[in-house]
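Student: The structure under discussion is supplied below as structure tokens; questions concerning it will follow.
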Amino acid sequence: MQNLIKESKRIYSQFLLHGPKYLDTFDFQPITKFTIEALQTKSLQDYINKNLTMHQEISMLPIQFEPDNSFAFAIFTLAPSVTMPLHDHPDMFVLSYVLHGDGIREGWNIKQTHLEKLNQFKKTSIQQDVMVEPEELPRLSLKAGSICYTTPSSCNLHSFINNSSTEPFVFLDIIVPHYDENTNRTITYFERKKDNQLKLLQQDEL
Ligand SMILES: [Fe+2]
């Protein structure tokens with residue numbers, strides 16, 4: 001776990017220096033290796049075995065959260081047949097490592113021209129329908145050991161679907177940096193509409 005924390009701190013400091021583009025271009029191999037290494041440690045395995053529950057449709061088990069939101073590690077569990085709503089990770093890097101089950105990741109790349117629209121939406125409380133038309137990526141089938149990545153310009157909108165009607169779908173997220181209400185890193189949810197359009201959802205529409 002220490003290597004994973006050290007690498008997450010390093011990535012965050014480079015993000016502060018170079019901006020979000022750093023998160024698109026750095027070498028993902030070390031953080032991937034340190035994630036797998038952390039998951040092989042007995043202390044983390046014991047913690048997961050003791051605390052992982054699936055009493056809700058979607059549950060989150062915190063592993064490590066930094067008070068300054070520089071990074072966060074958490075395990076998400078989707079109950080059988082549950083879909084995690086489509087959401088974004090503005091200016092964030094996320095490594096998702098599947099621990100258990102059979103799932104699908106749906107992903108979209110938001111166009112640069114639509115980012116401004118999205119940012120305006122985040123700043124205003126005026127109720128009006130705002131749509132974006134992102135590029136839809138091929139669906140990824142995920143099973144235990146699968147890894148997928150989210151970066152500021154690649155697959156920044158995503159959704160996870162539990163493909164199994166009997167088993168939970170469980171994955172660990174390594175998030176650098178984390179959501180932070182004091183920055184532009186706030187979450188937006190989307191609803192799929194026809195013609196590849198996505199409608200941005202207000203908090204009260206969730
Ligand atoms: Fe996510």
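The values are calculated or read from the model by the stated rules, or taken from the named source; none is laboratory data. All figures in this text were calculated on a predicted structure; none of them were measured in a lab. Here the Cβ is made from the backbone with ideal geometry for all residues, glycine too, and neighbour counts use every protein chain on show.
Student: Just one of 141, 164, 146, 125 is more than 27 Å from residue 62 (Cβ to Cβ), polar (S, T, N, Q) and at pLDDT 95 or above; which is it?
Tutor: 141
Student: Then there is this: Exactly one condition in (1) more than 18 Å from the chain's Cα centre (by Cα); (2) part of a loop (DSSP other than H, G, I, E, B) is not met by residue 116; state its number.
Tutor: Residue 116 satisfies every listed condition except (2).
Here is a yes/no grid of residues against (1) within 15 Å of residue 106 (Cα to Cα); (2) touching a Pro at 6+ places or on another chain (Cβ under 6 Å); (3) at pLDDT 95 or above:
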site: 155; (1), (2), (3): yes, no, no
site: 174; (1), (2), (3): no, no, yes
site: 178; (1), (2), (3): no, no, yes
site: 181; (1), (2), (3): no, no, no
site: 188; (1), (2), (3): no, no, no
site: 194; (1), (2), (3): no, no, no
site: 204; (1), (2), (3): no, no, no
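Student: Of the numbered conditions (1) farther than 19 Å from residue 164 by Cα; (2) in contact with a Cys (Cβ under 7 Å, 6 or more places away or on another chain), residue 33 satisfies every one except a single condition; which is it?
Tutor: Here residue 33 meets the rest and fails (2).
Student: Would a scan of the stretch 121-143 turn up a residue that is in a loop (DSSP other than H, G, I, E, B), without any contact (Cβ under 8 Å) to a residue 12 or more places away in the chain, among the aliphatic types (A, V, I, L, M) and away from the ligand (no atom under 16 Å from the Cβ)?
Tutor: yes
Student: Give the stretch 58-88 a look and list any residue that's assigned to a loop (DSSP other than H, G, I, E, B), more than 16 Å from the ligand (Cβ to nearest atom) and surrounded by fewer than 17 Cβ atoms within 10 Å (Cβ to Cβ), or say none.
Tutor: Matches in the stretch 58-88: 66, 67, 68, 79, 80, 81.
Student: Now for a different question. So, residue 24, is that one in contact (Cβ under 8 Å) with a residue 40 or more places away in the chain, loosely packed, with under 15 Cβ neighbours inside 10 Å and away from the ligand (no atom under 16 Å from the Cβ) or not?
Tutor: The answer is yes for residue 24.
Student: Here's something else I'd like to know. Looking at the stretch 180-200 only, could you name the residues that are among the hydrophobic types (A, V, I, L, M, F, W, C) and either surrounded by fewer than 17 Cβ atoms within 10 Å (Cβ to Cβ) or in contact with a Ser or Thr (Cβ under 7 Å, 6 or more places away or on another chain) (or both)?
Tutor: Correct list: 187, 200.
Student: Before we move on, is residue 180 closer than 24 Å to residue 18 by Cα, of a type in the set (Asp, Glu) and in contact with a strand residue (DSSP E or B) (Cβ under 8 Å, 6 or more places away or on another chain)?
Tutor: Against the criterion (closer than 24 Å to residue 18 by Cα, of a type in the set (Asp, Glu) and in contact with a strand residue (DSSP E or B) (Cβ under 8 Å, 6 or more places away or on another chain)), residue 180 does not qualify.
Results for (1) within 12 Å of the ligand (Cβ to nearest atom); (2) part of a loop (DSSP other than H, G, I, E, B); (3) in contact with a strand residue (DSSP E or B) (Cβ under 8 Å, 6 or more places away or on another chain), shown as yes or no for each residue.
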residue	(1), (2), (3)
158	yes, no, yes
164	no, yes, yes
167	no, yes, yes
174	yes, no, yes
184	no, yes, no
199	no, no, yes
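Student: OK, next. Within the stretch 31-57, work out how many residues are surrounded by fewer than 16 Cβ atoms within 10 Å (Cβ to Cβ) and over 26 Å from residue 79 (Cα atoms).
Tutor: 2
Student: Then there is this: Could you list all residues from the stretch 16-29 that are in a helix (DSSP H, G or I) and within 23 Å of residue 68 (Cα to Cα)?
Tutor: Hits for the stretch 16-29 are 16, 17, 18, 21, 22, 23, 24.
Student: Select from the stretch 89-110 the residues that are part of a loop (DSSP other than H, G, I, E, B) and either over 20 Å from residue 176 (Cα atoms) or within 13 Å of the ligand (Cβ to nearest atom) (or both) and list them in ascending order.
Tutor: Once the filter is applied, which keeps residues that are part of a loop (DSSP other than H, G, I, E, B) and either over 20 Å from residue 176 (Cα atoms) or within 13 Å of the ligand (Cβ to nearest atom) (or both), the stretch 89-110 yields 89, 90, 92, 101.
Student: Filter the stretch 75-89 for residues that are under 21 Å from residue 64 (Cα atoms) and touching a Pro at 6+ places or on another chain (Cβ under 7 Å) and give the result.
Tutor: Answer for the stretch 75-89, where residues must be under 21 Å from residue 64 (Cα atoms) and touching a Pro at 6+ places or on another chain (Cβ under 7 Å): 77, 78.
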